[in-house]
Amino acid sequence: MIPKLGSCYYPEHWSETQWEKDAKDMIESGLTWVRIGEFAWSRLEPEEGAQNFKWLDQAIKVLGNAGLNVVMSTPTAAPPRWVVDKWPDMLLVDSDGRSRKFGSRRHYCFSHQGYLQESSRITRLVAKRYGKNPYIKAWQLDNEYGCHNTTLSFSASSESSFKLWLSNKYKTIENLNESWSNVFWSMEYNSFEQIDLPNLTVTDANPIHELDFRRFSSEQVVKFNRAQVLIMREHTKMPLIHNYMGKITDFDHYEVGNDLDIASWDSYPLGFLEDRSTQNEDFKLKFMRFGDPDFQAFHHDLYRTVGCGRWWVMEQQPGPVNWAPYNPEPARGAVRLWSWEAIAHGAEVVSYFRWRQAPFAQEQMHAGLQRPDGESAPGLTQASQVNSELKEFDGIQQVQSKVAIIFDYESCWAWEIQPQGKDFSYFELVYEYYKALRSLGLSVDILPPNQKDLTGYKIVLAPGLMHFDTDLKVAIESFEGVLISGPRSGSKTLDMAIPKDLPPEVPGVVGTVASVESLRPNASILIKAGGSFNRWMETLVDCDNVIEECEDGRPALIGQTNRLYLTGWGNQEALTRIFRDACLSQNISTMDLPDCVRVRETHKHRFWFNYSEKETNVSSVSLPPSGVFWEPL
Ligand code: GAL
């Protein structure tokens, strides 16, 4: 498979006379895919009962005739004003009970039945009209579920659906009271009807009440997406895609992905560094023009699994964005670097957002591949360069990595609900492990928490995994490689309680968590063999084997050689040291990479990336500034 490039285009933003030239310019720049239509609802249906699809018919024809493959979208992320007037209570309600307003996008509540009908209706219309259109080669459903904090809604529709969901799950109110342990604080209910959403309580709501609400909310996204999938499948054989986001974990992406054919995500390295990275200021300054070298790779690996091997970058940052606290210009060559990092991770398509910068509305300060006047912006030259370089390859094939890390959405919710220390974030924990693996030069696979088969892996990591699923436990039984878990792994039942025999309930690990503590910033507990624990520390007793100890005498690493448990939140020094040893025991060779250099191995190549404006030398390889280098394996 030879990866392709594309861009996001909004024919409704430009005069019809410009479409042909734009399409021709895209082709000449080496782009072969174009995504359209995801926010075009008000132009397709200006008011109830009025339809105008002619312009879109024409736009698709012009783009297709020029040789572009079109990704058509369902426009349901931006319901027009008349839809909101028709269903005023479709608006999402935040946890303070405030309704979100019309005037931007993603303003709908996933549980609203009227909006579900409306979105199914418009989906059916576009599906019928374009499902067999020869120029349309893929479909995007909606746009960035969950973005702008839109998964959880505390609306009346959400509340009534949640009560129903609970009664289906627990059958009787006695069961629910028992599972939720509602004897605590006299929280017992007499009927499902009495149960509210877990917001606006005086102090914390019961954590299982919250966790069930998170599970329910995630399922609402899955159901909303599935309604569109079912309609689309009646009318098209083309692959169905959703464009997920970076570090958005409010719904189970694996579940949504199971209904789709390809996963994609929207990669904004500089926006994400400024907007959602928790790295320190020095790091942010150092990487302000590249983004965090591991953040994109982490999501590439995650979405490769969400898409069962098939994934794209639907939106790639091409220049400064408009939405982060600071919006610097990418380093020269960074757009090329990001594109290659995606390709080396198996992206089938890298599509840039957007073709031309819009001189109006909310995103007028967001760069495109072209400036608003139609001249090329720096990103376009780099995209064309990637396209020429791709000609050297007869395909870029992925291989199973030797190392895998489990990423579980439910654990994200559990530790958000009950962080115990304000900086305990499951995402960050997994990400720190991932970063340490990448710094050792390893390629990594990300696995779901219900992975049935670990064959082929030599090291599997499961930090912070709240509960081990039965399938995973079975897979671990026959797994001959090294399992590294902890902290907080196997520490809760599915009802969000402490297991009867105390954690860790991790297959193959013998020991008992006698107590846990969270640590304030800068507090650390030194590990005798090197490195330290920060943020979180557990006191383990009754361990069958203590491998490493802390300076204060508590166990740091316990277990037998291939079933290890880390008793705290290790810093990078501790993690890389422990992972390096595990690699050594499994005959996996490692490197010691500077933080600006990363590698990725595919079937036939090793790709090197230099996230720095300086030339960097690593072993025998000399990497030019912002350089990408590949060598045959
Ligand atoms: C994405 C979104 C696009 C555009 C872009 C700007 O989150 O899907 O429509 O808003 O961000 O960076």
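The values are calculated or read from the model by the stated rules, or taken from the named source; none is laboratory data. Treat the numbers as computed from the prediction; the structure is a model and nothing was measured. Reconstructed Cβ throughout: ideal geometry from the backbone, glycine too, with neighbour counts over all protein chains shown. For the accessible areas, the whole protein counts, side chains as well, though only heavy atoms, and no ligand, DNA or RNA atoms are used. Shrake-Rupley method; radii C 1.70, N 1.55, O 1.52, S 1.80 Å.
Summary table
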{"quantity": "Computed lengthening from residue 196 to residue 478, 0.36 nm per intervening residue step minus Cα-Cα distance", "calculated": "97.1 nm"}
{"quantity": "Cα pair distances in the stretch 363-471, grouped into 5 Å bins until the bin that holds the longest one, percent each", "calculated": "2, 10, 14, 13, 11, 10, 12, 12, 10, 5, 1, 0"}
{"quantity": "Cα convex hull of the stretch 18-163 - mean projected area over all directions, nm²", "calculated": "9.5 nm²"}
{"quantity": "Sum of -39500 (n - 2.57) over DSSP H runs of 4+, divided by residues of the chain (222 nm, nearest 500)", "calculated": "-10000 deg cm²/dmol"}
{"quantity": "Quotient of C-alpha Rg and 2.2 N^0.38 Å, computed over the stretch 403-585", "calculated": "0.93"}
{"quantity": "Coarse-grained scattering of the stretch 156-210 at q = 0.19, 0.22 Å⁻¹, given as base-10 log I(q)/I(0) from a Debye sum over alpha-carbon atoms", "calculated": "-0.63, -0.85"}
{"quantity": "At R0 = 56 Å, FRET efficiency that the Cβ-Cβ distance of residue 529 and residue 362 yields, to 0.05", "calculated": "0.60"}
{"quantity": "Under-5 Å amide H pairs with residue 550, H placed in peptide plane, nonlocal only", "calculated": "528, 556"}
{"quantity": "DSSP bridge pairs, the stretch 460-558: antiparallel proportion in percent, nearest 5", "calculated": "80 percent"}
{"quantity": "Extension gain, residue 423 back to residue 515 (0.36 nm per residue minus Cα-Cα distance, nm)", "calculated": "31.3 nm"}
{"quantity": "Beta bridges per DSSP with both ends in the stretch 366-514, % antiparallel, nearest 5", "calculated": "10 percent"}
{"quantity": "Distance (nanometres) between label positions extended 7 Å along Cα→Cβ at residue 172 and residue 622", "calculated": "7.8 nm"}
{"quantity": "Rg/Rg_ref, the stretch 194-332, where Rg_ref = 2.2 N^0.38 Å and atoms are Cα", "calculated": "1.28"}
{"quantity": "Stokes-Einstein D (µm²/s) once Rh is taken as the Kirkwood radius of the stretch 268-364 over alpha-carbon pairs, at 20 °C in 1.002 mPa s", "calculated": "153 µm²/s"}
{"quantity": "Accessible area of the chain belonging to carbon and sulfur atoms, whole % at 1.4 Å probe", "calculated": "49 percent"}
{"quantity": "Ellipsoid semi-axes in whole angstrom, largest first, where each is sqrt(5λ) of the Cα gyration tensor of the stretch 480-606", "calculated": "27, 18, 15"}
{"quantity": "For the chain, convex hull of alpha carbons as volume per residue, Å³", "calculated": "154 Å³"}
{"quantity": "Percent antiparallel among DSSP beta bridges (both partners in the chain, rounded to 5)", "calculated": "45 percent"}
{"quantity": "Among the listed pairs 61/237; 237/604; 223/284; 169/422; 169/500; 4/458, those beyond 29 Å (Cα-Cα)", "calculated": "237/604; 223/284; 169/422; 4/458"}
{"quantity": "Linear extension gain, residue 385 paired with residue 502, 0.36 nm per residue minus alpha-carbon span", "calculated": "36.5 nm"}
{"quantity": "Average accessible surface area per residue within the chain, 1.4 Å rolling probe, Å²", "calculated": "40 Å²"}
{"quantity": "J(HN,Hα) series, the stretch 273-280, from Karplus relation 6.51 cos²θ - 1.76 cosθ + 1.60, nearest Hz, glycine and proline x", "calculated": "4, 7, 8, 9, 7, 9, 5, 6"}
{"quantity": "Where trypsin sites (Lys or Arg not before Pro) fall in DSSP loop in the stretch 111-141, at most 12 other Cβ within 10 Å", "calculated": "132"}
